[in-house]
Amino acid sequence: MGVAQVPPLPETPGPLFPELASAEEKFRQCIQCGVCSGSCPMGEAMDFAPRRAVKMLLEGRFNEVVESNTPWLCVSCHTCAVRCPSQLQISDGLFPALRAAVMAEGKAIDQDLQKALQNTYLYGNPMGISPKKRAEWAKTAGVPVPIMSQLRRPVDVLWIVECNPSFEPRGQEISKLLARILNALGVDFAILGPEERCLGDCEWLAGERGLFEMLIERNIEILSKYKFREIIMTDPHSYRTLLKIYPFLGGRYHVQPVVAFLAQRLDQLKPLLKKKLNATITYHDSCCLGRKTSHYEEPRMLLRAIPGVKLVEMVQNRESSLCCGGGASTIYLDRYIQERVKDRLADRRVMQAAATGAETLAVACPFEPARFEDAVKVTGNEQKLIVRDIIELLAESMEIA
Amino acid sequence: MNIAVLTKQVPDLVEGVEIDSTGKAVDPDSIRYILSESDDHALEEAVLLKERTPARVEMFSLDTGEVRDTLCMALAKGADRVVLIRTGLETLPSNHTVAKIFASVLQGLSFDLILTGVRAIDDLDGSLGGLLAGYLNLPYVGLVRKVEMADGTSMAIVQKEYPGGYAAELEVKLPAVLGIQAAEQPPRYVPVSRLRQVMKTAKVEEKETTAPEPETVAVERMFKPEEGMGATMFSGTPEEIASQIVGLFSERRLVR
């Protein structure tokens, strides 16, 4: 069962359901098997779970679906799309179209999401921080972190740091550690610094097509100024978008997530992993590294390479991994979702992690540390489980933390 | 009904503000201007009114910073006409001057309601609306959070905020100037594709104003908040603390 190709974006946005108009024929191939609804971790809370929503849309009952809670509960975990026997783009096609329709009709959207979109329009990041401050974290990295515009020469590796790892405190700490790891491996790398802007994954999936296109235009323009052999990315969401969507709009790059880049250098990395960690670890497959881009093995290879690590698996792993509940801009819809969902996905996932007996939950997505640490507290696992990024674990074993 | 919304752009504090070499003004190169927040609420309230009762909304903005985006955003939200007021001034003038410019622009035009933000980051005492109403010889209500029409278009019922969570409902004879504290709902979101569509065809009218009179109040010194030294905590017996305080005072030459 392969990951279906993401369809190209339509040329011009129409007034209502532009994507559906072009995708309607495709959606007529829906055999109403219900695998999507049965697989959907949010289906139970939706007014209309995906199968029913598709049926209603094909019957022309647009308004009922658009006005329900359905458009805003999809976390874009992609399970439906991977399992759909007709290979329909439900999470990447249908849901962004529904959200775009809500916005096109001028209906009010959630205030937290609105703020994030407005910030991204003004400052290129959802937090609303000046883009001038994007490389602030690098000042205390302890190793040189060159910025492309100042370097004035081609580099081997362009590291796109992205929003959370540039601005969020925990993300910044992880970025510093990654800079030290790259430095220890002798990688010739640089970042974009103040020129970097959000790549637009959340904005696209939130249905903000115009904002997404604006970000793409700008990012392609910036990237065209510089010469580099490959791009590495800390954020799997942006990685997936740069890998699979940018090519449709003229941005083709050799791009890898950081975990894959490091796994390729395992021979070089292994001798540096000196400190024994003596930890039982379970790894959470994020949706964008897992189902969306099939990087299941590299994170596990890195964890197994750390001396003293025992890797155990959660009941839902790899293709069936349970989403943290923060994809497709739902990271800004926490309040909206919490009012409508009994058990948050992050809480459910942390309970699965605790059930393995592992004391460390390893992650490789910048959304996870905050989401899962919160869930660890909510579920009463504070003394039992800690959440650590793979980068933090590697850096500790390399004794450069 | 005709509604005028008067707006200005203010420095975006997210991008930071630097003081220029004279020490008397903000360095214009350090600034990006954005629409003043309560002006954005004034526009939202005007559009809400238009959705309830047939009305024509016209927005007038001073020309500090890049204003075209803001005016196009207003058209996308529901304004019928947008006008850029050419002042030729590089930085924002004082509220007296702004009020005079707005008054001269509105001269000879007929509006039932004139809405503006009740305050801005450079006008925390909220004097603009009152000054404008004075120059136009119209009634003024500030700190307004809701506007409803009564008796056709000759009267409005407005909610005005008071400290301590109190509010009052006032009847205002129109035409009147209202200083909007907050619209009934947060300013609406305009998807970027819609904004870009509007930008392609938007007609932004321009209106020249005569050079304003020289300012009567001049800025002597502009400075950022000065950081304190932090606190020194004394510990020990009362006698020890007393001698530490005396020691500190003589060290700072506060006592001889």
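The values are calculated or read from the model by the stated rules, or taken from the named source; none is laboratory data. Just so it is clear, the structure is predicted and the values come from calculations on it, not from any experiment. Note that each Cβ is placed from the backbone with ideal geometry, even for glycine, and that neighbours are counted across all protein chains shown.
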Inset, instruction - Taking only the stretch A:137-157 into account, find how many residues are under 13 Å from A:GLU195 (Cα atoms) and of a type in the set (A, V, I, L, M, F, W, C). - result: 2
Legend entry - Candidate set from the stretch B:106-137 (those that are among the hydrophobic types (A, V, I, L, M, F, W, C) and surrounded by fewer than 18 Cβ atoms within 10 Å (Cβ to Cβ)); member that is farthest from the chain's Cα centre (by Cα): B:LEU109
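Specify which of the listed residues (B:GLY129, B:GLY142, B:GLY152) is assigned to a helix (DSSP H, G or I) and without any contact (Cβ under 8 Å) to a residue 60 or more places away in the chain.
Numbers: B:GLY142 fails: assigned to a helix (DSSP H, G or I); B:GLY152 fails: assigned to a helix (DSSP H, G or I).
One residue alone meets the criteria, B:GLY129.
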Inset, instruction - Determine which member of the set B:THR97, B:THR22 is touching a residue at least 40 places away in the same chain (Cβ under 8 Å) and over 22 Å from B:GLN181 (Cβ atoms). - result: B:THR97
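Check the stretch B:155-176 and report whether any residue there is more than 14 Å from chain A (Cβ to nearest Cβ) and in contact with a helix residue (DSSP H, G or I) (Cβ under 6 Å, 6 or more places away or on another chain).
Restricting attention to the stretch B:155-176, the residues satisfying the condition of being more than 14 Å from chain A (Cβ to nearest Cβ) are B:155-176.
In the following step, the residues that additionally are in contact with a helix residue (DSSP H, G or I) (Cβ under 6 Å, 6 or more places away or on another chain) were identified as none.
No, because not a single residue in the stretch B:155-176 is more than 14 Å from chain A (Cβ to nearest Cβ) and in contact with a helix residue (DSSP H, G or I) (Cβ under 6 Å, 6 or more places away or on another chain).
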Legend entry - B:GLU44 on the phi < 0 side of the Ramachandran plot, buried (at least 19 other Cβ atoms within 10 Å of the Cβ) and of a type in the set (D, E, K, R): yes
Inset, instruction - Select from the stretch B:84-136 the residues that are modelled with pLDDT of 90 or more and of a type in the set (D, E, K, R) and write down the one among them that is nearest to B:LEU35 (Cα to Cα). - result: B:ARG119
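Which of the residues that make up the stretch A:349-377 are within 15 Å of A:ASN164 (Cβ to Cβ) and in contact (Cβ under 8 Å) with a residue 40 or more places away in the chain? Can you show your working first?
Taking the stretch A:349-377 as the starting set, the residues that turn out to be within 15 Å of A:ASN164 (Cβ to Cβ) are A:363-374.
Correct list: A:VAL363, A:ALA364, A:CYS365, A:PRO366, A:PHE367, A:GLU368, A:PRO369, A:ALA370, A:ARG371, A:PHE372.
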Inset, instruction - State whether the residues of the stretch A:196-203 include one that is in contact (Cβ under 8 Å) with a residue 60 or more places away in the chain and over 24 Å from A:MET103 (Cβ atoms). - result: yes
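Please state which one of B:VAL118, B:VAL147 is closer than 23 Å to B:VAL82 by Cα and touching a Ser or Thr at 6+ places or on another chain (Cβ under 7 Å).
Values: B:VAL147 fails: touching a Ser or Thr at 6+ places or on another chain (Cβ under 7 Å).
Only one candidate qualifies: B:VAL118.
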Legend entry - All helices (runs of 4 or more DSSP H) inside the stretch A:209-310 with 3 or more residues being touching a strand residue (DSSP E or B) at 6+ places or on another chain (Cβ under 7 Å) and under 30 Å from B:GLN197 (Cβ atoms): A:236-244
Inset, instruction - For residues that are buried (at least 24 other Cβ atoms within 10 Å of the Cβ) and more than 19 Å from A:ILE129 (Cβ to Cβ), tally how many sit in the stretch A:190-207. - result: 3
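If we scan the stretch A:158-172, do we find a residue that is within 14 Å of another protein chain (Cβ to nearest Cβ), within 24 Å of A:ALA116 (Cβ to Cβ) and in a helix (DSSP H, G or I)? If you could, list the steps in order and put the result at the bottom.
Of all residues in the stretch A:158-172, those within 14 Å of another protein chain (Cβ to nearest Cβ) come to A:167.
Keeping just the survivors that are within 24 Å of A:ALA116 (Cβ to Cβ) gives A:167.
When the remaining residues are screened for being in a helix (DSSP H, G or I), the result is A:167.
Yes, the stretch A:158-172 contains at least one residue that is within 14 Å of another protein chain (Cβ to nearest Cβ), within 24 Å of A:ALA116 (Cβ to Cβ) and in a helix (DSSP H, G or I).
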Inset, instruction - Go over the candidates B:LEU248, B:LEU195 one by one and state the one that is touching a residue at least 12 places away in the same chain (Cβ under 8 Å), away from chain A (no Cβ under 14 Å) and assigned to a helix (DSSP H, G or I). - result: B:LEU248
Inset, instruction - Might you let me know whether the stretch B:61-83 holds any residue that is more than 14 Å from chain A (Cβ to nearest Cβ), within 21 Å of B:ASN137 (Cβ to Cβ) and out of contact with any Lys or Arg (no Cβ under 6 Å at 6 or more places or on another chain)? - result: no
Legend entry - Top-ranked residue in the stretch A:97-144 [being of a type in the set (Val, Ile, Thr) and over 16 Å from A:LEU211 (Cβ atoms); ranked as nearest to the other protein chains (Cβ to nearest Cβ)]: A:ILE129
